[in-house]
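Written out below as structure tokens is the structure these notes cover.
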Amino acid sequence: MTNSQNNKAHRNQIFLEEATVVSQEKWPGEQFILRVHAPETALRAKAGSFAHLTCDPAVPMRRPLSIMRTSPEEGWVDFLYKIHGHGLHHLSTRDKGDQISVLGPIGKGFTLNKNKPRPLLIGGGVGIPPMVFLAESIKDDSNNNWQTFCIMGSEIPFPFEVIQSKLPANGLEDNINGSHPLLEAWGIPTRLASWQGYEKCHKGFVTDVADMYLSQLSVGELQEIEIFSCGPTPMLKAVAALAKKYAVACQVSLEEYMACAVGGCAGCTVPVQTSDGIEMQRVCVDGPVFDAYAVYPQ
């Protein structure tokens with residue numbers, strides 16, 4: 001399929017809709033969970049996709065936000081964001097009943113492989129939302145045999161109530177037992193990491209926890225692992241290096257500044273290794289999810 005055909009196919013799946021703010025929760029560290037009623041986006045979004053939102057009538061440029069949860073039945077979509085710049089500051093002031101223009105869902109999401117039944121989810125900071133979405137997608141897959149493990153990291157307070165996990169995580173110390181309440185309820189073991197010394201969390205990097213987890217798996221179990229990750233670029237590079245260390249498959253969702261978010265401006269291009277050599281591909285529509293070995297080949 002040519003790029004032109006690819007763009008047309010993708011555009012037919014993106015919807016522009018006037019969404020209504022359902023709720024806005026504030027969390028420490030200037031973090032917010034925004035829920036909007038956007039039924040077209042809710043129906044078609046996949047884990048790893050995002051939407052382009054207007055923040056306020058006074059702010060002309062939209063902002064791309066990863067989708068954290070959806071309800072196709074009720075038509076709502078959740079976004080987790082941290083205030084960074086005046087646009088998201090304006091978004092944080094929007095109240096229940098306000099109208100927000102939503103362009104979405106956009107982008108290529110994560111792809112699960114039934115031959116890799118041990119997904120390892122690693123999210124850092126604003127890379128947490130796609131991991132929640134992916135975890136819920138795995139939970140909702142009624143014909144699955146997934147053995148999922150999730151690791152989340154943050155250098156500001158986590159945007160959820162950290163609870164003590166009752167689900168085992170082999171290879172980790174008993175005192176590293178902080179978990180996400182939703183994932184805990186879904187039966188997905190989750191562990192948290194931060195350099196801030198938060199209670200029940202590993203003091204260090206998410207890749208430290210991942211390394212401890214992977215190191216105790218057998219060769220056969222490692223062949224069943226696939227890593228899915230989203231977060232800041234240094235973290236993704238470290239995750240890719242860890243994947244190479246254990247020779248496991250790895251998909252990463254990249255974070256880049258975007259203007260149009262629909263492939264027109266080519267302002268979010270990154271070099272990607274292909275069978276024909278290095279190609280510049282757009283994070284918004286060619287990604288944001290890529291094979292880690294293609295974007296971090298060294």
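Only helical runs count toward this figure. For the chain, summing -39,500 (n - 2.57) over DSSP H runs of n ≥ 4 and dividing by all residues gives -6500 deg cm²/dmol at 222 nm. Bridge orientation summary for the chain: considering DSSP beta bridges with both residues in this region, about 65 percent are antiparallel.
Taking the centroid of alpha carbons for each part, region 160-175 and region 75-100 are 31 Å apart. Projected onto their three principal axes, the Cα atoms of region 133-188 cover extents of 35, 25, 16 Å, largest first. Based on C-alpha pairs under 8 angstrom that are at least 6 apart in sequence, the chain has a relative contact order of 16 percent. Of the peptides 17-23, 272-278, 47-53, the order by per-residue mean of other Cβ atoms within 10 Å, starting with the highest, comes out as 47-53, 17-23, 272-278.
Calculate the dipole size of the chain relative to its Cα centre from +1 charges on Lys and Arg beta carbons and -1 charges on Asp and Glu beta carbons; express the result in debye to the nearest 20.
So the dipole magnitude of the chain works out to roughly 340 debye.
Protection proxy ranking of 134-144, 77-87, by the mean of other Cβ atoms within 10 Å over each peptide's residues and highest first, is 77-87, 134-144.
Once backbone amide H atoms are built at 1.01 Å from N, ALA259 has GLY267 as its partners under 5 Å, excluding neighbours fewer than 5 places away on the same chain.
With the alpha-carbon atoms of region 118-295 aligned to their principal axes, the span from lowest to highest coordinate is 47, 36, 34 Å, starting with the largest.
Size descriptors for region 207-298: radius of gyration and Dmax over Cα atoms are 14.5, 46 Å. Beta bridges per DSSP, both residues in region 118-295: antiparallel share near 35 percent.
Taking all Cα-Cα distances within region 3-106, those exceeding 18 Å account for 44%.
Name the long-range amide H neighbours of GLU226: under 5 Å, sequence gap of 5 or more, or other chain; modelled H, no Pro or chain starts. Result for GLU226 returns ARG118, LEU120. Treating each Cα of the chain as an identical point scatterer and summing with the Debye formula, the log10 of I(q)/I(0) at q = 0.10, 0.11 Å⁻¹ comes to -0.52, -0.64. Magnitude of the charge dipole for region 193-298, about its Cα centre and with charges confined to Cβ atoms of Lys, Arg (+1) and Asp, Glu (-1), is about 280 debye.
With a threshold of 18 Å on the Cα-Cα distance, the over-threshold entries among LYS114/LYS139; LYS116/LYS244; LYS26/LYS82; LYS46/LYS237 are LYS46/LYS237. Taking Lys and Arg as +1 and Asp and Glu as -1, the other residues whose beta-carbon sits under 14 Å from that of GLU25 total +2. In region 91-231, taking the dipole from charged Cβ atoms about the Cα centre, the farthest positive-side position among LEU172, PRO189, THR93 is held by THR93. Residue-wise HN-Hα couplings along region 88-103, as the Karplus relation 6.51 cos²θ - 1.76 cosθ + 1.60 with θ = phi - 60° gives them from phi, are 6, 4, 4, 4, 5, 8, 6, 10, 3, x, 5, 9, 10, 7, 10, 10 Hz; Gly and Pro carry x. The packing ranking, built from the mean of other Cβ atoms within 10 Å per residue, places the peptides 118-130, 214-226 in the order 118-130, 214-226, highest first.
No value in this document is a laboratory result; all are computed from the given coordinates. As the structure is a computational prediction, the values presented were derived from the model and not from experiment. Reconstructed Cβ throughout: ideal geometry from the backbone, glycine too, with neighbour counts over all protein chains shown.
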